[in-house]
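The structure appears below as structure tokens.
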Amino acid sequence: MSTDMVDALIHRMKNLHEFVVTTEVPDGMRFNGLVPFNIQIKDGIIYARVWAVEFDEAVKKFNEYLETCK
């Protein structure tokens, strides 16, 4: 592993935050396998705690996961 890769990994680890991403429960949603996030569903809204460096990254990760739940 190069020094640049190690530095990038350490930077990422130091800057991870837990974001809460919310969305309405999609029609026909089914959980498949392990759920990689702490998820709570309340009143038709999904609250997912997602670890990421930025909020947009958290949303992207969560949306990618939701695509597998059809």
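The values are calculated or read from the model by the stated rules, or taken from the named source; none is laboratory data. Please read all numbers here as calculations on a predicted model, not as lab measurements. Cβ: placed from backbone, ideal geometry, glycine included. Neighbour counts: every protein chain shown.
Of all residues in segment 18-44, those that are within 13 Å of PHE62 (Cα to Cα) have Cβ atoms under 9 Å from Cβ atoms of residues that are polar (S, T, N, Q) and at pLDDT 90 or above, 6 or more apart or on another chain, in GLU18/ASN38; VAL21/ASN63; THR23/ASN63. The single residue among LEU34, LEU16 that is on the phi < 0 side of the Ramachandran plot, out of contact with any strand residue (DSSP E or B) (no Cβ under 6 Å at 6 or more places or on another chain) and aliphatic (A, V, I, L, M) turns out to be LEU34.
For segment 2-34, the set of residues classified as in contact with a helix residue (DSSP H, G or I) (Cβ under 8 Å, 6 or more places away or on another chain) and of a type in the set (A, V, I, L, M) consists of VAL21, MET29, listed by residue number.
A quick yes/no check of all residues on (1) hydrophobic (A, V, I, L, M, F, W, C); (2) at pLDDT 95 or above:
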site	(1), (2)
ASP7	no, no
ILE10	yes, no
THR22	no, yes
ASP27	no, no
ASN32	no, no
GLY44	no, no
VAL50	yes, yes
